[in-house]
Amino acid sequence: MRGADPVRITVHDFSGHPFQAELSRKLADKGHAVDHVSAEQYVSGKGHLEVQPGDSPTLTFTAIALDLPFQKYAPLARLRFERSYAREWIKRLKAAPPEVVVACNLPLLSMFLFARYARRAKLPYVFWHQDIYSAGLTDELRRRLPRPLAWLGSRLFVRMEAYCAKHADHVVAIGDAFKEVYPGWKVAPANVSVIPNWAPLDKVFPVDRHNPISEQLFDDESSLRLVYAGTLGRKHNPHLLVDLLRNAQDNDIPVSMVVISEGQGADDLAEIARTEDVPLTVLPFQPADDLPYALGSADVLVALLEPDATKFSIPSKVLSYMAAGRPILGLMPEDNPAALDIVASGGYVVDPTELGAKSAAVWLADLAIERALIGQIGGSTRAIAELKFDVEQVSDEFSMILVRAIELQRT
């Protein structure tokens, strides 16, 4: 038995998000040799993906870049990228093999090819399961293909994802809903842990509304400031943000919004901002060091999630919003786990529809009149984050899971 002896760990988070990087830092603080791997070409809000002052000397960061572009909604080009990405990563694993891998947010084909390699090479891995990826891919197939072909493709994607979970030495799911799926995939209950996501409280924290970058985002001190920060993909309807602004204007609320995002949804909003009379500014993703100041420039932080998004989709941006200590407005299904945290802190959740945008504007009107509520709700939001986000406990759990995965592989 190795107990708590240091091990060589690769944490591969394709997206490069903040809290996964924090986990790598905490594991390295425990003495483990950790290489944190991410995809350079994936465009998203990134964490601190380089060694920082005070980081353990056993921590390294690796970015994988390919000559191919990552085209999220071009099926054939995306499949080529995912296959090439898996091959490049596997080549690196062969050259410098870790003792165990944590695989997170990898595109499904890349994850599947890695899982097959890991099984052949007897390389232990933990599948850190952030979403039921085959469900989103099935929706995409249904949009593009006749029903019989979409059904066949869906079966293939489900089998691939089930293979990744079944053959993992352990699965870490981010919510209890995942446990409803695993019996059908023949994943042993003893091989599953549920560890909810979090946000790094020392990297995202409350700041003054007037801060070093607030004037770069807003030029009006008196308006009610809204910020949306995060991806705008298939699970989000960016036009709801425009509906929200117009309804706020109809309610005579002095309001302005900054959207921090990139991609097609952000481009669509930027075009609306150029051609229509809405108080909207679209900016690219900001450096990790600026994230608390970007979020702190807002009076209200806005989250989106479409009605057909599954209960497995838990938007991590809400966790960063909570850490930032601002009121949160969620245009999302009320039964989503993130919605419960928003409501508990005094924020507002409403269906992601035109009618929901009207209702949200009424809530914003109350905040515009009673500005003291902004600070009260924001304080409650941060307090809940501090209560729930215990990265020391999380890193202890992951450390034990990883050591156990190595031991099981050797028996």
### Task
Assess whether A383 counts as being in contact with a helix residue (DSSP H, G or I) (Cβ under 8 Å, 6 or more places away or on another chain), aliphatic (A, V, I, L, M) and in a helix (DSSP H, G or I).
no
### Task
Among the strands (runs of 3 or more DSSP E) lying completely within segment 284-356, list those that include at least 2 residues that are under 25 Å from Q264 (Cα atoms) and in the same structural domain as G265 (by TED's automatic domain parsing).
300-304, 328-331
### Query
Within the set of pairs 6+ apart or on separate chains, which have a first residue in segment 272-297 that is in contact (Cβ under 8 Å) with a residue 60 or more places away in the chain, a second that is of a type in the set (K, R), and C-beta atoms under 6 Å apart?
A288/K46
## Note on the structure
The correct count of residues that are aliphatic (A, V, I, L, M) and more than 21 Å from the chain's Cα centre (by Cα) in segment 152-180 is 6
### Message
Please go through segment 39-84 and give me each residue that is of a type in the set (D, E) and more than 18 Å from Y133 (Cβ to Cβ), ordered by number.
### Response
E40, E50, D55, D67
### Task
Could you figure out which of (1) crowded, with 18+ Cβ neighbours inside 10 Å; (2) more than 20 Å from the chain's Cα centre (by Cα) isn't true of P212?
(1)
### Selected residue (only one of D219, D277, D252 is in a loop (DSSP other than H, G, I, E, B), at positive phi and assigned by TED's automatic domain parsing to the domain that holds G356)
D252
### Message
Cβ-Cβ distance below 7 Å, separation of 6 or more or different chains: which pairs start in segment 362-385 with a residue that is over 22 Å from D243 (Cα atoms) and end on one that is among the hydrophobic types (A, V, I, L, M, F, W, C) and outside any helix (DSSP H, G or I)?
### Response
T381/I328; A385/A199; A385/L201
### Task
Look through segment 140-179, keep the residues that are assigned to a loop (DSSP other than H, G, I, E, B) and in contact with a strand residue (DSSP E or B) (Cβ under 8 Å, 6 or more places away or on another chain), and return whichever of them is nearest to Y73 (Cα to Cα).
I174
#### Entry: Identity of the residue in segment 243-257, touching an Asp or Glu at 6+ places or on another chain (Cβ under 8 Å) and not small (G, A, S), that ends up nearest to L367 (Cα to Cα)
P254
### Task
Within segment 186-209, work out how many residues are surrounded by 13 or more Cβ atoms within 10 Å (Cβ to Cβ) and without any contact (Cβ under 8 Å) to a residue 60 or more places away in the chain.
4
### Task
Return yes when R404 is surrounded by fewer than 20 Cβ atoms within 10 Å (Cβ to Cβ), more than 19 Å from the chain's Cα centre (by Cα), closer than 20 Å to V207 by Cα and of a type in the set (K, R) and no when it is not.
no
#### Entry: Filter result for L76 (farther than 22 Å from G230 by Cβ and touching a Phe, Trp or Tyr at 6+ places or on another chain (Cβ under 7 Å))
no
### Task
Specify the residue that is surrounded by the fewest Cβ atoms within 10 Å (Cβ to Cβ); the eligible residues are those in segment 324-345 that are over 18 Å from R225 (Cβ atoms) and out of contact with any strand residue (DSSP E or B) (no Cβ under 9 Å at 6 or more places or on another chain).
D335
## Note on the structure
Among residues of segment 126-139 being of a type in the set (A, V, I, L, M) and part of a helix (DSSP H, G or I), the residue nearest to W198 (Cα to Cα) is A135
### Task
Just one of (1) surrounded by 17 or more Cβ atoms within 10 Å (Cβ to Cβ); (2) within 30 Å of Y321 (Cα to Cα) trips up E180, so point out which.
(1)
### Query
Going by the structure shown, is F205 outside any helix (DSSP H, G or I), within 30 Å of V11 (Cα to Cα) and among the hydrophobic types (A, V, I, L, M, F, W, C)?
yes
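The values are calculated or read from the model by the stated rules, or taken from the named source; none is laboratory data. Here the structure is a predicted model, which means the values were calculated and not measured. Cβ atoms come from the backbone with ideal geometry, glycine included; neighbour counts cover every protein chain shown.
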